[in-house]
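Just so you know, all these numbers are worked out from the coordinates, no wet-lab data involved. Note that this is a predicted model, so its numbers are computed, not measured. Cβ: placed from backbone, ideal geometry, glycine included. Neighbour counts: every protein chain shown.
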Amino acid sequence: MEQHLDAIRQQGLGVAAISYDSVGVLKSFADRQHITYPLLSDPDSKVIRAYDILNETTKPGTLIYGIPYPGVYVVDAQGRVSAKYFEEDYQDRVSTADILARQFGAPVEAARGAAETKHLQITTAASNDIARPGLRIALSLDVELKPGMHVYAPGVQGYIPIDWRLQEGGAAAKRHSFDYPPSEMLRLEAIGETVAVYRGHIRIRREITFGQEAVLKPLSPAGEVIVKGSFRYQACDDRKCYVPQEVPLEWRFKYEGLDRHRAPSEFQHKPN
């Protein structure tokens, strides 16, 4: 979050984080990570319980009991919650860049790549250039169809629609559901049909959550994590349809492990 402070402030917002850790633990963490925004200590999880976000998947008596579900509240100038982004798994986090893109329309332009066929150009990008265990990020496809071309929208009958797939397994442990953008209806006079198509520019976004450290670390011997996928389509113009194509895609990220450094023992959380 620290690296996105300027972008957050440009939206007229500030940042504060709350944790069940002691002041000593939070200061140690802030010093190591060079965090400048306030970290608030809630050692008895009173505030966490008051907000009804105590993580009930953790067992009483364990070191992690008392943690909240990981998440972010976006609060407006009147003190009203305008949005919230929470995860069920205590090891997962929604990335700040993903929230900025979803909530405020910030550009998704990290980890960029490109591919081209005779029918279209594809630009790939992501909200983040870092792959961290449990981090939820946005992936983006910008498809620019060449003049006179159209491709078919999902749900059409009798034609091959566009299909963005991500490789099973691997770095993207969770592939979240997503929607394709609205299409337009095109009258095909040559065959007397009206079908749902895309022309011109198409922007598609979806989210993934990276796997945990045991999954990511073996995939990154050179400090790089690669997410692979494909974009399938059939292009047509006003005269004919072309052979269906499947374009390989990939997003490359720098691997960043978790902070395993422990604060001095006198500051560490004691089991409840």
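Pick out which of LYS59, LYS146, LYS228 has the largest mean-square fluctuation in a Gaussian network model of the chain, springs linking Cα atoms closer than 10 Å. Answer for the Gaussian network model of the chain: LYS59. Rounded to the nearest 20 debye, the dipole size of the stretch 1-144 about its Cα centre is 180 debye, using +1 on the Cβ of Lys and Arg and -1 on the Cβ of Asp and Glu. Computed over the stretch 1-57, the range of Cα coordinates on each principal axis works out to 34, 25, 17 Å, biggest value leading. The rule of thumb for compact globular proteins, 2.2 N^0.38 Å, goes into the C-alpha radius of gyration of the stretch 76-182 1.30 times. Reported to the nearest whole Å, the Cα centre-to-centre distance from the stretch 1-22 to the stretch 45-86 is 16. Against the chain, whose longest principal axis is taken from its Cα atoms, helix 23-33 shows a tilt of about 40°. When only Cα pairs below 8 angstrom with a gap of at least 6 residues are kept, the chain shows a relative contact order of 18 percent. About its Cα centre, the dipole of the chain is roughly 160 debye, where the only charges are +1 on Lys and Arg Cβ and -1 on Asp and Glu Cβ.
Here the stretch 28-109 is treated as a Stokes sphere of Kirkwood radius computed over C-alpha pairs; at 10 °C and 1.306 mPa s its diffusion coefficient rounds to 107 µm²/s. According to the Kirkwood relation over distinct C-alpha pairs, the hydrodynamic radius of the stretch 216-257 is 12.8 Å. Mean projection of the Cα convex hull over all viewing directions, computed for the chain: 17.7 nm². Where only DSSP H runs of four or more residues are counted, the chain gives -3000 deg cm²/dmol as its mean residue ellipticity at 222 nm, each run worth -39500 (n - 2.57). Full extension of the chain between THR123 and ILE64 yields a length gain of 17.1 nm, computed as 0.36 nm times the residue separation minus the alpha carbon distance.
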